[in-house]
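J.: This is the structure I want to talk about, given as C-alpha cells.
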Amino acid sequence: MTSPRQRTDIELPRKLAVCVVDPWSTGMKLCELVRARDLELILIWEDGCIRANDMDALEVIDHKSEDKRGYVKTIEQLRQIEKRHMVTISCIIPGSETGVLLAESLAFQFGTPTNPPKLAMARRNKFLMGEAVRSAGVRAVKQTIATEWQQVVEFLSDFKSDPFKAVVKPNLGAGSDDVYLCNSRDEVKKAFFKINGTLNSLGIMNDGVLIQEFLAGTEYVVDTMTRNGHHKVVAMWHYDKRPANGRFNVYFGTIPHAVNSDAEYQLKDYVSSVLDALQVENGPAHAEVIMTKTGPCLVEIGCRCHGGNASWYNVAREFAGLDQLNAILDGFTAEEKFYRLPDFVTENKRFGRTLDLVAYESKEVIGIPGIDFVKSLQSFHRINLFKNVGDVLDVTVDCNTTPGEVILIHDSLEQLESDYESIHNFLKSGFFALCEPNSEDSGTENSEAEYELESKSTYY
C-alpha cells in the first residue's frame, strides 16, 4: 500500500536509496547488501535501540519516539536528505523486530510502499496477531494475555489439555527469550511472575504475559517477501529444538527445506493466508508455524527479515540460490526482477544447515578443542564463536545464550547429517576446555540481544 500523499518534490531519475530502521542482527547484513548493489543507505536509529555501527551510510537519523513531533521531524529530515543528495528513497524497511512499527509508520507518512496502518499493532503484538488471524477465519493458537494472575486463573479454568501443557512467554519478545513449557498450574504461576513486569532481551518492558496452548509437532520457519500483495516464499526451514538444560526448546540448529511434500505445500498456503489476514501487502515476514497432526498453526510472525545475525544467509544461497535479503531489495528496488523470482523453492542445489552450539556448564573457557575438530569436518563452512578463552560460558537455554554457531554445507546429505550430530555429541564433553571461574567478574556477560552476540563474534 502507498500513502495517498502526492510526491511532487522528486525529480527523476535519481540514484535510489534504501532506508533501514534499527539495523542490528540481520539488518546489518541487509545494509551490507544495499551498499554492494551501489544503492545509497540511510539509517534510522530509534532511541533506546541497541545500536550497531553506521555501515557507510549516506546519512544517519536519530529518531526520538518520545518527542511528540518525532515523526514529523524524521519525515522532514528524509525529505531534506532526498534534496541534499539528489536521491530517491525507494523504501523504508525494518532492520530488526524493534523497527517494525516505526518503519511502517514512516513509510506510510512518507509515501513509500508499506502495509495498511489498521493492523499495524497486530503485526507486532503477538496476542493481537493471533486474534487477527482467528478473526479472518484462519487457524490460530488458543491464548490469553494477562497482566494479573487472576486473569490467568480464569483462562485456565476452561483450559482443556490432557496432560496439562501450556506455553508462557513475553508478548513482545524474540528468540525464545523466557519461553516456558509448563506442565502444571503451579509452573504457569512461577513463569508468569518471572516474566511480568521485567525487561525482555529486546529491552522492552513485559507489560503482560502471553499464555498459549501447547502445539505438539515440528516447528517450521517460512520466510517471505511480498510486493503489492504478491507473496513469495523465499525460504522454508525447520527448527531442530531439543530438550536440554531444563528447557524444552533449546535451539540445536536450523534446516532448510524445498517445497515438495504435502506438508510443505500446506505450510506455504497457510502462511499466505496468515499474511493476508494481517494485511501484509509489502515487505518481508518471518513466520514460525507448528505442523500439528491436524495441520499448521501459527506460533508468531515477525514482519521483518529472518533474524539470527543472518547466519543462515550462505546456507540459503547454497541450498536454493535464493535468499530473503536479496528478495527484499529486488522487491523494492528492482521490481521486475522480483516478479521473475519463483513463488517458492521446489528443489535444492546442495545441502546445508546452521548448528547452534549448546553449552551444558557455566564455567570459564581455558581452551577450545572444538575449533580444530569442526574445521576438520568435510561439510565445514564457517564457525562463529561468541565466547572465547577467558570468558565464562552461560548454560544454553535460548538463542541469546548459545556460545556460537557452525555453518555446514555439502553435496551429500548423509555427510552433512553425520558431521552435524558429531558436533553435538562433542559439545557434551570436550568441545570447550573448562575450569571453575577465578573470580566473579571473569569473562564477559552474555549479551541481551542478537546484535551484541554478533559484535563479540570470532570467525574461523
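J.: Of Asn260, Cys182, Ile75, which is farthest along the charge dipole of the chain in the positive direction, counting Lys and Arg as +1 and Asp and Glu as -1 at C-beta?
T.: So the residue we want is Ile75.
J.: Using only Cα atoms, figure out Rg for segment 247-298 and give it as a multiple of 2.2 N^0.38 Å.
T.: 1.29
J.: If you look at just the Cα atoms of segment 18-79, how large are its Rg and its Dmax in Å?
T.: Every Cα atom of segment 18-79 included, Rg and Dmax give 11.7, 36 Å.
J.: With unit charges on the beta carbon (Lys/Arg positive, Asp/Glu negative), name the residue among Gly370, Leu355, Ile328 whose Cα is farthest towards the positive pole of the charge dipole of segment 324-370.
T.: The residue sitting farthest along the positive end of the dipole is Gly370.
J.: Taking the alpha-carbon distance from Lys160 and a cut-off under 18 Å, which lysines remain once sequence neighbours fewer than 8 residues away in the same chain are dropped?
T.: Reachable lysines: Lys142, Lys189, Lys293.
J.: Mind putting a number on the dipole of segment 141-251 about its Cα centre? Charges go on the C-beta only, +1 for Lys and Arg and -1 for Asp and Glu, and I need it in Debye to the nearest 20.
T.: In total the dipole reaches around 240 debye.
J.: In addition: With only alpha-carbon atoms counted, please give the Rg and Dmax of segment 97-194, in Å.
T.: Cα only, segment 97-194: 16.4, 52 Å (Rg, Dmax).
J.: May I ask you to list, by number, the DSSP H helices of the chain whose Cα span along the axis is at least 18 Å and whose average Kyte-Doolittle hydropathy reaches 1.0 or more?
T.: Values: long enough: 70-85 (22 Å, -1.21); 262-277 (22 Å, -0.37); 413-427 (21 Å, -0.56).
Membrane-span-like by this criterion, though nothing is claimed about a membrane: none.
J.: Return the equivalent ellipsoid semi-axes of the chain as a descending list in whole Å, where each equals the square root of 5 times an eigenvalue of the C-alpha gyration tensor.
T.: Values: eigenvalues 226, 150, 112 Å².
Ellipsoid semi-axes (Å, largest first): 34, 27, 24.
J.: Which lysines, on any chain, are close to Lys349 with Cα under 18 Å apart, when same-chain ones fewer than 8 places away are left out?
T.: Cross-link targets: none qualify.
J.: When the accessible area of segment 236-332 is split by element with a 1.4 Å probe, what percent falls to carbon and sulfur? Numbers along the way, then the final one.
T.: Values: 1260 of 2790 Å².
With neighbouring chains kept in place, the figure for segment 236-332 is 45 percent.
J.: Might you report the magnitude of the Cβ-based charge dipole of the chain about its Cα centre, with Lys and Arg at +1 and Asp and Glu at -1, to the nearest 20 debye? The partial results should precede the final answer.
T.: Numbers: 49 positive and 67 negative charges, 230 e Å.
For this selection, approximately 1100 debye.
J.: How big is segment 299-352 along each principal axis, measuring the range of its Cα positions in Å and listing the largest first?
T.: 29, 27, 21
J.: Rank Pro243, Trp149, Ala191 by how far each Cα sits towards the positive end of the charge dipole of segment 144-274 (+1 on Lys, Arg Cβ; -1 on Asp, Glu Cβ) and give me just the farthest.
T.: The residue sitting most towards the positive pole is Pro243.
J.: From the mean inverse distance of alpha carbon pairs (Kirkwood) and the Cα radius of gyration, derive Rg over Rh for segment 168-292. Working shown, then result.
T.: Working: Rg = 16.3 Å, Rh = 16.2 Å.
My calculation puts Rg/Rh at 1.00.
J.: Rounded to the nearest 20 debye, what is the charge dipole size of segment 235-348 about its Cα centre when +1 sits on each Lys and Arg Cβ and -1 on each Asp and Glu Cβ? Provide the component values of the computation, followed by the final result.
T.: Values: 9 positive and 15 negative charges, 106 e Å.
The dipole magnitude comes to about 500 debye.
J.: Treating each Cα of segment 290-415 as an identical point scatterer and ignoring solvent, apply the Debye formula and state log10 I(q)/I(0) at q = 0.10, 0.22 Å⁻¹.
T.: -0.46, -1.29
J.: For the chain, give the share of DSSP beta bridges that are antiparallel, in percent and rounded to the nearest 5; count only bridges with both residues there.
T.: Working: 64 of 82 bridges.
Bridges in the chain are about 80 percent antiparallel.
J.: Using a 10 Å cut-off on Cβ atoms, rank the peptides 21-28, 396-403, 56-63 from the highest mean neighbour count down.
T.: On the way: 21-28: 27.6, 396-403: 22.8, 56-63: 17.1.
Order by mean packing, descending: 21-28, 396-403, 56-63.
J.: So, in Å, what gap is there between the alpha-carbon centers of segment 69-118 and segment 399-432?
T.: After rounding, the separation between the Cα centres reads 41 Å.
J.: Can you tell me which lysines have their Cα less than 21 Å from the Cα of Lys375? Leave out same-chain residues fewer than eight positions away.
T.: By straight Cα distance, Lys375 reaches Lys387, Lys428, Lys456.
The values are calculated or read from the model by the stated rules, or taken from the named source; none is laboratory data. Predicted model, so just to flag it, every value in this text is computed and none were measured. As a convention, Cβ positions derive from the backbone with ideal geometry for all residues, glycine included, and neighbour counts pool all protein chains shown. Surface areas here come from the heavy atoms of the whole protein model, side chains and all, with no ligands, DNA or RNA. Shrake-Rupley method; radii C 1.70, N 1.55, O 1.52, S 1.80 Å.
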